[in-house]
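J.: Before we start, here is the structure in question, set down as structure tokens.
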Amino acid sequence: MATQHSRSAARIMMAPAVILLLGWMLVPLLMTLWFSFKKYLPLRGGDLGWVGFDNYVRFISSSSFWPSIQATLIIVGGVLAITIIFGVLLAILLNQPMWGQGIVRILVIAPFFVMPTVSALVWKNMFMDPVNGLFAHLWKFFGAEPISWLSEASLQSIILIVSWQWLPFATLILLTAIQSLDSEQLEAAEMDGASPLSRFGYITLPHLSRAITVVLLIQTIFLLSIFAEIFVTTQGAFGTKTLTYLIYQRVLESQNVGLGSAGGVYAIILANIVAIFLMRIVGKNLDA
Amino acid sequence: MGQIKLESVTKSFGPVEVIPPLDLTIEDGEFTVFVGPSGCGKSTLLRLIAGLEDITSGKISIDGQDATHVPPAKRGLAMVFQSYALYPHMSVRKNIAFPMKMAGVPVEEQNRRIEAAAAALNLTDYLDRRPGQLSGGQRQRVAIGRAIVREPGAFLFDEPLSNLDAALRVGMRLEISELHKRLKTTMIYVTHDQVEAMTMADKIVVLQAGVIEQVGSPLELYRAPRNVFVAGFIGSPKMNLLTGPEAAKHNAHTIGTRPEHIAISQTEGTWSGTIGVSEHLGSDTFFHVKCDGFDDPLTVRAGGEVALKYGDKVFLTPDLTQLHRFDAQGLRIA
């Protein structure tokens, strides 16, 4: 890629992909911004003209707005905590030589291949159903009163379901990171008198910090927009209405595209605030 | 203190016996080198002594105390690894402090020992750097520093110089030898390089396939190799080994003569041949001479300024007082 000629050729050849991706991003963004300044009710008169910042004021002053932000952050935070803690532990476990390692690794990854809608329905009907669910049977076996999970512990249930889906991702990334740890380092630490716990704290965990950062950032992007799990379980009831779900309700249930678009812009702002905080906290781990 | 004694130690990985029963005593303060070709079990033996591998049977004692089942950290040994195994996220200072921190040494004492080790190893200016910012030789010194501050009964080195370039290797070889002279601590050093073994060791242990072929001082091994393997392994370039009728003339199955013990002449000698490749080192010249009646060319050492070249006819005369004779089992005939 040294000569002037090859550099301009490279630019021309990359252009279609760049233009396509740019359009893919810009068109929806601009349409969202466009609609957010309009009163647009598809089934009740259609485009009713410009309204300035009306939609923004209405969206933020709704009684559902701040609870939805709270629910979003609790779910994201809860899932991140569970997947990273258990991901590290599982990765260490799977890195031990054991019989049937290949099969166990595939099994651990399996939940990631299940569609969110399907897994949420399986959890809802087979595990968490207060009458027929496995958990209800388990509770009854020990003589306890079954919990109706999705109404009494709705947020925790959603966190549990989503964590189950994302744990394989975290485990996989952390496992590959653990495998790249030089075993001589651990042996040196062992010779230096470090207990297994100190070896974990002083050698393994620092080695994993970069992988943990990657997991944290990627998962946050996807977790801010979880939808299917809420849609098929609580439908946003019992305090599980996230910002994404609130926008969905505004656009499709209330048929108010303008209001929903304003919510979309708020979602972009929220994602950026979270991103800034995350980069402040963990971004330095990505420096080589 | 650091006398290490192995009594009928064996090691098997599953059905494969890597080390058949082996006895060895390493005296306090001795610089012992384990040398042998790749896969001869020398690194495994070192790891058994360190406690990083469990022995299958036998007994290891350190200073007369049974250490067979003592965990690595409690054996009072410090190890320097081939890859240095420095902790990449810690500064040099923290790397060196790590074993003391684990042992709960007071901070003032830690700092005193770090300063002393850094001064001894020329690391004072680098204490706040990360290992990734150091050169290979500096990393090697940090690894040694981390071993020194523990004030161990013995140092274990696992091919510590094999990742360094040739010039640095010679320098570090000297530094480690000097360190041994100064500390007078037992050192066990594993290498596949017989030059390192010859230059550094008080005692060389030659290993092949987990079996000790010979133990002795460098010159003992050079003068009187116990068998054909040791004869071929110790000395550089390799000893010339001849079998067949030429050996039979000396009542042996195999005879060996070192390149430095053959005289080369253009007029007369025992064997006649043609010069093949010659390697001019300045101080010495090594000729590979294809002799009539022998399968393999003989290596011969001559002075640095010998006017012989490819294709010249020459005559060779071995120094019969320096001839090594071996029987059909490969053992030395006295």
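Readers should treat all values here as calculations from the given coordinates under stated rules, not as data from a laboratory. These numbers were taken from a predicted model, which means no experiment stands behind them. Here the Cβ positions follow ideal geometry from the backbone for every residue, glycine too, while neighbour counts run over all protein chains shown.
J.: Taking the alpha-carbon distance from B:K249 and a cut-off under 20 Å, which aspartates and glutamates remain once sequence neighbours fewer than 8 residues away in the same chain are dropped?
T.: By straight Cα distance, B:K249 reaches B:E268, B:D292, B:D295, B:D296, B:D319, B:D327.
J.: Starting with the fewest neighbours, write out B:Y222, B:Y126 ranked by other beta-carbon atoms found within 10 Å of each beta-carbon.
T.: Ranked by crowding around the Cβ, least crowded first: B:Y222, B:Y126.
J.: Continuing with this model, one more query. Pulled fully out, how much extra length does the chain show between B:T25 and B:K184, if you take 0.36 nm times their separation in residues and subtract their Cα-Cα distance?
T.: Difference between extended and current length: 55.5 nm.
J.: What FRET efficiency comes out for A:V118 versus A:S183 if R0 is 51 angstrom and r is the Cβ-Cβ distance? Round to the nearest 0.05.
T.: 0.80
J.: How do B:M90, A:M279, B:M200 line up, fewest other C-beta atoms within 10 Å first?
T.: Going from sparsest to densest Cβ surroundings: A:M279, B:M90, B:M200.
J.: Can you compute the modelled spin-label distance between A:W24 and B:S162, with each label point 7 Å from Cα toward Cβ, in nm?
T.: Taking the two extended label points, one gets 4.8 nm.
J.: Please list, in chain and number order, the residues 5+ apart from B:F34 or on another chain whose amide H is under 5 Å from its amide H, with Hs placed from the backbone.
T.: So B:F34 has HN proximity to B:Y189, B:V190, B:T191, B:V205.
J.: How many angstrom lie between the Cα centre of the range A:105-140 and the Cα centre of the range B:231-264?
T.: 77
J.: Within chain A, count lysine pairs with alpha carbon atoms under 25 angstrom apart where the residues are 8 or more positions apart or belong to different chains.
T.: 4
J.: Taking B:K181 as the anchor, which lysines have their alpha carbon closer than 30 Å to its alpha carbon, excluding any fewer than eight residues away along the same chain?
T.: Result set, ordered by chain and number: B:K5, B:K42, B:K59, B:K74, B:K94, B:K101, B:K203, B:K238.
J.: Among A:P168, A:P67, A:P97, which one moves the most in a GNM of chain A with springs linking Cα atoms closer than 10 Å?
T.: A:P97
J.: Let me ask another. How much mean residue ellipticity at 222 nm does the protein assembly as shown get from its helices, if each DSSP H run of length 4 or more adds -39500 (n - 2.57) and you divide by all residues, to the nearest 500 deg cm²/dmol?
T.: Estimated from H runs of four or more residues: -14000 deg cm²/dmol.
J.: Rounded, prolate or oblate: which fits the range B:222-334 when a ≥ b ≥ c are the square roots of the eigenvalues of the alpha-carbon gyration tensor, with rounded for a/c under 1.5 and prolate only if a/b beats b/c?
T.: Here the range B:222-334 falls in the prolate category.
J.: Would you mind classifying the range A:35-104 by shape? Square roots of the alpha carbon gyration tensor eigenvalues, ordered a ≥ b ≥ c; an a/c under 1.5 is rounded, otherwise it is prolate if a/b is larger than b/c and oblate if not.
T.: It comes out prolate by the Cα gyration axes.
J.: Something else: Need one number: nm distance between label points at A:E253 and B:H280, each 7 Å from Cα along Cα→Cβ, rounded to one decimal.
T.: 9.3
J.: Okay, moving on. Starting with the fewest neighbours, write out A:T240, A:T220 ranked by other beta-carbon atoms found within 10 Å of each beta-carbon.
T.: The fewest-first ordering by Cβ neighbours comes to A:T220, A:T240.
J.: Let me ask something additional. Given the options B:G64, B:G216, B:G137, which has the most mean-square fluctuation in a GNM of chain B, springs set between C-alpha atoms less than 10 angstrom apart?
T.: B:G64
J.: With both bridge residues required to lie in chain B, what share of the DSSP beta bridges run antiparallel, to the nearest 5%?
T.: 75
J.: Continuing with the same structure: From the backbone phi of the range B:86-100, what are the Karplus-calculated ³J(HN,Hα) couplings (6.51 cos²θ - 1.76 cosθ + 1.60, θ = phi - 60°) in whole Hz, Gly and Pro given as x?
T.: Coupling constants for the range B:86-100: 6, 8, x, 8, 10, 5, 4, 4, 5, 4, 5, 6, 3, x, 6 Hz.
J.: Let me know the charge dipole size of the protein assembly as shown about its Cα centre in debye, to the nearest 20, where only the beta-carbon of Lys, Arg (+1) and Asp, Glu (-1) is charged.
T.: Charge dipole, the protein assembly as shown, about its Cα centre: 2080 debye, nearest 20.
J.: Same structure again: Label points 7 Å out from Cα along the Cβ direction at A:V104 and B:V306: separation in nm?
T.: Taking the two extended label points, one gets 6.4 nm.
J.: Please find the FRET efficiency linking A:T3 to B:E260, where r is the Cβ-Cβ separation and R0 is fixed at 41 Å, and quote it to the nearest 0.05.
T.: 0.10
J.: Turning to a different aspect of this structure: Would you work out if the range B:95-222 is rounded, prolate or oblate? Take a ≥ b ≥ c from the square roots of the eigenvalues of the alpha-carbon gyration tensor; rounded if a/c is under 1.5, else prolate when a/b is larger than b/c, oblate otherwise.
T.: Cα axes put the range B:95-222 in the prolate bin.
J.: Which one of B:V105, B:V16, B:V314 has the biggest mean-square fluctuation once chain B is modelled by GNM with Cα springs under 10 Å?
T.: B:V16
J.: Given 0.36 nm per residue, what is the gain on full extension from B:V107 to B:D319 after removing their alpha carbon distance, in nm?
T.: Length difference between fully extended and current span is 70.0 nm.
J.: Restricting to the protein assembly as shown, what percent of DSSP beta bridges are antiparallel, rounded to 5?
T.: Beta bridges within the protein assembly as shown, antiparallel portion: roughly 75 percent.
J.: Please list the helices of chain A that count as membrane-span-like by this rule: a mean Kyte-Doolittle hydropathy of at least 0.5 together with Cα atoms stretching 24 Å or more along the helix axis, each helix being a complete DSSP H run.
T.: TM-like helix candidates: A:4-36, A:65-95, A:154-179, A:205-223, A:257-282.
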